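Below is one structure, written out as C-alpha coordinates, with a few remarks after it.
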Amino acid sequence: MSALELFFLGAPEYRRNGVPVSLAPAKATALLAYLALTRTPHPREHLADLLWPDSLPDAARKNLRNTLWAIRRNLGDDIIHTDGEQVGLSPALWMDLHHFEALSGELTAPGLDVNWLENRLALYRGPFLEGLSTADAPEFELWLVAERERLQLLYLRGLEKLIDLHRQAGDWPAVVSVARRALGIDNLREPVYRALIEALARQGNRGEAARQYQRLRDLLAQELSVAPLPETEALYQAVLNGSLPDTPAPVSG
(Lines give C-alpha, C1' and ligand atoms only; values in the text may rest on other atoms or scores of the structure.)
Protein backbone atom coordinates (compact mmCIF):
# COMPACT_ATOMS: atom_id res chain seq x y z
CA MET A 1 0.00 0.00 0.00
CA SER A 2 1.25 3.49 -0.84
CA ALA A 3 1.63 5.84 2.12
CA LEU A 4 -1.84 7.33 2.56
CA GLU A 5 -2.48 9.88 5.33
CA LEU A 6 -5.90 11.02 6.49
CA PHE A 7 -6.24 14.38 8.28
CA PHE A 8 -9.54 15.15 10.00
CA LEU A 9 -8.46 17.76 12.57
CA GLY A 10 -9.06 21.06 10.84
CA ALA A 11 -10.22 21.09 7.24
CA PRO A 12 -10.13 17.46 5.99
CA GLU A 13 -7.11 16.57 3.88
CA TYR A 14 -5.84 13.40 2.21
CA ARG A 15 -2.26 12.84 1.13
CA ARG A 16 -0.58 9.96 -0.66
CA ASN A 17 3.20 9.98 -0.35
CA GLY A 18 2.94 13.60 0.74
CA VAL A 19 0.90 14.68 -2.30
CA PRO A 20 -2.65 16.02 -1.71
CA VAL A 21 -5.48 13.85 -3.03
CA SER A 22 -8.97 15.25 -3.61
CA LEU A 23 -12.19 13.69 -2.35
CA ALA A 24 -15.13 15.92 -3.22
CA PRO A 25 -18.33 14.41 -1.75
CA ALA A 26 -18.99 15.64 1.79
CA LYS A 27 -20.63 12.33 2.68
CA ALA A 28 -17.45 10.48 1.69
CA THR A 29 -15.46 12.53 4.18
CA ALA A 30 -18.19 12.09 6.80
CA LEU A 31 -18.14 8.32 6.30
CA LEU A 32 -14.35 8.09 6.52
CA ALA A 33 -14.21 10.24 9.64
CA TYR A 34 -16.96 8.24 11.34
CA LEU A 35 -15.20 4.95 10.64
CA ALA A 36 -11.87 6.43 11.73
CA LEU A 37 -13.03 7.88 15.03
CA THR A 38 -15.26 4.99 16.08
CA ARG A 39 -12.39 2.58 15.21
CA THR A 40 -14.69 -0.28 14.35
CA PRO A 41 -16.55 -1.70 11.32
CA HIS A 42 -20.27 -0.89 11.08
CA PRO A 43 -23.20 -2.58 9.32
CA ARG A 44 -24.11 -1.08 5.95
CA GLU A 45 -27.65 -0.49 7.17
CA HIS A 46 -26.44 1.63 10.08
CA LEU A 47 -24.17 3.75 7.88
CA ALA A 48 -26.89 4.25 5.29
CA ASP A 49 -29.41 5.30 7.95
CA LEU A 50 -26.87 7.60 9.60
CA LEU A 51 -25.90 9.53 6.47
CA TRP A 52 -29.05 9.30 4.33
CA PRO A 53 -31.89 9.16 6.85
CA ASP A 54 -34.49 10.72 4.53
CA SER A 55 -33.90 8.25 1.69
CA LEU A 56 -35.78 5.01 1.20
CA PRO A 57 -33.72 1.97 2.28
CA ASP A 58 -32.80 0.91 -1.26
CA ALA A 59 -31.83 4.47 -2.21
CA ALA A 60 -29.80 4.91 0.96
CA ARG A 61 -27.87 1.71 0.34
CA LYS A 62 -27.23 2.81 -3.25
CA ASN A 63 -25.89 6.14 -1.97
CA LEU A 64 -23.61 4.24 0.37
CA ARG A 65 -22.34 2.01 -2.45
CA ASN A 66 -21.67 5.06 -4.63
CA THR A 67 -19.83 6.79 -1.79
CA LEU A 68 -17.66 3.75 -1.13
CA TRP A 69 -16.89 3.59 -4.85
CA ALA A 70 -15.86 7.28 -4.85
CA ILE A 71 -13.57 6.69 -1.86
CA ARG A 72 -11.88 3.72 -3.51
CA ARG A 73 -11.53 5.53 -6.83
CA ASN A 74 -9.86 8.59 -5.25
CA LEU A 75 -7.95 7.09 -2.33
CA GLY A 76 -7.32 3.49 -3.36
CA ASP A 77 -9.05 0.13 -3.42
CA ASP A 78 -7.46 -1.02 -0.18
CA ILE A 79 -8.61 1.82 2.07
CA ILE A 80 -12.04 0.27 2.74
CA HIS A 81 -12.46 -3.23 4.12
CA THR A 82 -15.80 -4.96 3.75
CA ASP A 83 -16.82 -8.26 5.30
CA GLY A 84 -20.33 -9.13 4.26
CA GLU A 85 -22.50 -6.37 5.66
CA GLN A 86 -19.67 -4.83 7.72
CA VAL A 87 -17.73 -1.78 6.47
CA GLY A 88 -14.49 -0.59 8.06
CA LEU A 89 -11.14 1.06 7.35
CA SER A 90 -7.81 -0.59 6.71
CA PRO A 91 -5.80 -0.79 9.96
CA ALA A 92 -2.65 0.19 8.05
CA LEU A 93 -3.85 3.76 7.42
CA TRP A 94 -2.18 6.73 9.09
CA MET A 95 -4.78 9.05 10.66
CA ASP A 96 -4.12 12.20 12.66
CA LEU A 97 -7.05 11.38 14.94
CA HIS A 98 -5.47 8.22 16.30
CA HIS A 99 -2.12 9.85 17.02
CA PHE A 100 -3.79 12.89 18.59
CA GLU A 101 -6.05 10.79 20.81
CA ALA A 102 -2.95 9.17 22.31
CA LEU A 103 -2.82 12.33 24.44
CA SER A 104 -5.73 11.07 26.50
CA GLY A 105 -3.74 8.31 28.16
CA GLU A 106 -0.48 10.25 28.53
CA LEU A 107 -1.35 13.63 30.07
CA THR A 108 -1.17 12.27 33.61
CA ALA A 109 1.81 9.98 33.00
CA PRO A 110 5.02 10.83 34.90
CA GLY A 111 7.95 12.12 32.90
CA LEU A 112 5.91 13.29 29.92
CA ASP A 113 8.27 14.53 27.20
CA VAL A 114 7.71 18.13 26.06
CA ASN A 115 8.67 17.43 22.45
CA TRP A 116 6.32 14.44 22.25
CA LEU A 117 3.50 16.55 23.65
CA GLU A 118 4.17 19.44 21.27
CA ASN A 119 4.20 17.07 18.29
CA ARG A 120 0.84 15.59 19.29
CA LEU A 121 -0.69 19.03 19.85
CA ALA A 122 0.56 20.18 16.44
CA LEU A 123 -1.79 17.60 14.87
CA TYR A 124 -4.73 19.72 16.00
CA ARG A 125 -4.96 22.12 13.03
CA GLY A 126 -8.49 23.15 13.95
CA PRO A 127 -11.90 21.73 14.91
CA PHE A 128 -12.73 18.17 13.87
CA LEU A 129 -13.94 18.19 10.22
CA GLU A 130 -13.80 21.98 10.11
CA GLY A 131 -16.09 23.37 7.43
CA LEU A 132 -18.00 20.12 6.89
CA SER A 133 -21.77 20.29 7.16
CA THR A 134 -24.31 17.52 6.61
CA ALA A 135 -27.58 19.23 7.47
CA ASP A 136 -29.60 16.42 5.90
CA ALA A 137 -28.09 13.90 8.35
CA PRO A 138 -29.10 15.24 11.80
CA GLU A 139 -27.96 12.19 13.79
CA PHE A 140 -24.51 12.45 12.23
CA GLU A 141 -24.49 16.20 12.94
CA LEU A 142 -25.20 15.56 16.62
CA TRP A 143 -22.35 13.06 16.75
CA LEU A 144 -20.08 15.51 14.93
CA VAL A 145 -20.79 18.36 17.35
CA ALA A 146 -20.17 16.13 20.37
CA GLU A 147 -16.89 14.83 18.97
CA ARG A 148 -15.74 18.34 18.04
CA GLU A 149 -16.27 19.41 21.63
CA ARG A 150 -14.54 16.33 23.05
CA LEU A 151 -11.47 16.69 20.84
CA GLN A 152 -11.22 20.42 21.47
CA LEU A 153 -11.34 19.77 25.22
CA LEU A 154 -8.55 17.22 24.85
CA TYR A 155 -6.51 19.82 22.95
CA LEU A 156 -7.06 22.38 25.71
CA ARG A 157 -6.07 19.85 28.37
CA GLY A 158 -2.92 19.16 26.38
CA LEU A 159 -2.12 22.86 26.17
CA GLU A 160 -2.58 23.21 29.93
CA LYS A 161 -0.20 20.32 30.49
CA LEU A 162 2.31 21.94 28.14
CA ILE A 163 1.98 25.17 30.11
CA ASP A 164 2.76 23.28 33.32
CA LEU A 165 5.87 21.70 31.81
CA HIS A 166 7.14 25.07 30.55
CA ARG A 167 6.44 26.66 33.95
CA GLN A 168 8.37 23.93 35.72
CA ALA A 169 11.30 24.66 33.38
CA GLY A 170 10.99 28.41 33.92
CA ASP A 171 10.39 29.02 30.20
CA TRP A 172 8.14 32.03 30.62
CA PRO A 173 8.04 33.13 26.95
CA ALA A 174 6.80 29.65 26.05
CA VAL A 175 4.15 29.85 28.78
CA VAL A 176 2.90 33.13 27.32
CA SER A 177 2.79 31.70 23.80
CA VAL A 178 0.92 28.50 24.74
CA ALA A 179 -1.47 30.33 27.08
CA ARG A 180 -2.45 32.72 24.29
CA ARG A 181 -3.12 29.72 22.02
CA ALA A 182 -5.42 28.21 24.62
CA LEU A 183 -7.26 31.46 25.32
CA GLY A 184 -7.79 31.93 21.60
CA ILE A 185 -10.06 28.87 21.81
CA ASP A 186 -11.59 29.33 25.27
CA ASN A 187 -11.18 32.84 26.67
CA LEU A 188 -12.89 31.92 29.94
CA ARG A 189 -10.32 29.33 30.99
CA GLU A 190 -9.27 30.89 34.27
CA PRO A 191 -6.31 28.61 35.12
CA VAL A 192 -4.73 29.56 31.79
CA TYR A 193 -5.17 33.24 32.59
CA ARG A 194 -3.36 32.67 35.87
CA ALA A 195 -0.45 31.10 34.00
CA LEU A 196 -0.37 33.99 31.53
CA ILE A 197 -0.51 36.62 34.29
CA GLU A 198 2.28 34.92 36.22
CA ALA A 199 4.48 34.45 33.16
CA LEU A 200 4.13 38.08 32.13
CA ALA A 201 4.96 39.24 35.64
CA ARG A 202 8.01 36.97 35.91
CA GLN A 203 9.29 38.51 32.67
CA GLY A 204 9.01 41.95 34.26
CA ASN A 205 5.84 42.96 32.40
CA ARG A 206 3.62 43.63 35.39
CA GLY A 207 1.55 46.18 33.49
CA GLU A 208 0.46 43.64 30.87
CA ALA A 209 -0.09 41.08 33.63
CA ALA A 210 -2.47 43.51 35.34
CA ARG A 211 -4.28 44.17 32.07
CA GLN A 212 -4.81 40.43 31.55
CA TYR A 213 -6.29 40.18 35.05
CA GLN A 214 -8.65 43.06 34.28
CA ARG A 215 -9.65 41.38 31.01
CA LEU A 216 -10.41 38.13 32.82
CA ARG A 217 -12.40 39.92 35.53
CA ASP A 218 -14.48 41.76 32.93
CA LEU A 219 -15.12 38.61 30.87
CA LEU A 220 -16.21 36.61 33.90
CA ALA A 221 -18.58 39.38 34.95
CA GLN A 222 -20.05 39.78 31.47
CA GLU A 223 -20.33 36.13 30.51
CA LEU A 224 -20.87 34.30 33.80
CA SER A 225 -21.72 37.01 36.37
CA VAL A 226 -18.98 35.76 38.69
CA ALA A 227 -15.76 37.14 40.12
CA PRO A 228 -12.29 35.59 39.67
CA LEU A 229 -11.44 32.72 41.99
CA PRO A 230 -9.61 33.42 45.26
CA GLU A 231 -6.38 31.92 43.87
CA THR A 232 -6.56 34.30 40.92
CA GLU A 233 -7.07 37.27 43.24
CA ALA A 234 -4.14 36.09 45.37
CA LEU A 235 -1.92 35.86 42.29
CA TYR A 236 -2.94 39.35 41.18
CA GLN A 237 -2.07 40.80 44.58
CA ALA A 238 1.28 38.99 44.50
CA VAL A 239 1.96 40.48 41.08
CA LEU A 240 1.12 43.98 42.33
CA ASN A 241 3.26 43.51 45.43
CA GLY A 242 6.16 41.85 43.60
CA SER A 243 5.89 38.85 45.91
CA LEU A 244 5.52 35.86 43.57
CA PRO A 245 6.77 32.59 45.12
CA ASP A 246 10.02 31.14 43.86
CA THR A 247 8.40 27.83 42.85
CA PRO A 248 5.24 27.93 40.70
CA ALA A 249 2.40 25.58 41.56
CA PRO A 250 0.77 23.44 38.85
CA VAL A 251 -1.97 25.10 36.78
CA SER A 252 -3.85 22.13 35.31
CA GLY A 253 -6.05 19.94 37.41
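The values are calculated or read from the model by the stated rules, or taken from the named source; none is laboratory data. Predicted model only: the values in this text are computed from it and were never measured. Backbone-built Cβ (ideal geometry, glycine too); neighbour counts: all protein chains shown. Note: accessible area is taken over every heavy atom of the protein model, side chains too, but ligands, DNA and RNA are not part of it. Shrake-Rupley method; radii C 1.70, N 1.55, O 1.52, S 1.80 Å.
Taking the Cα centre of the chain as reference, the dipole from Cβ charges on Lys and Arg (+1) and Asp and Glu (-1) amounts to some 520 debye. At a 1.4 Å probe, what is the % contribution of carbon and sulfur to the accessible area of the range 23-81? Carbon and sulfur: 50 percent of the exposed surface of the range 23-81.
Taking label positions 7 Å along the Cα-Cβ direction at both His42 and Ala70, the computed distance is 1.6 nm, reported to one decimal. The accessible surface of the range 168-252, taken with every protein chain in place and a 1.4 Å probe, is 48 percent carbon and sulfur. Taken over the chain, the convex hull of the Cα atoms encloses 145 Å³ per residue. Rolling a 1.4 Å probe over the protein heavy atoms gives the chain an accessible area of 50 Å² per residue.
Length gained on full extension, Arg16 to Ala102: 28.6 nm, using 0.36 nm per residue less the C-alpha separation. Between the range 34-53 and the range 193-212, the alpha-carbon centres lie 48 Å apart.
Ellipsoid semi-axes for the range 1-133, based on the Cα gyration tensor and the rule √(5λ), read 29, 16, 14 Å when sorted largest first.
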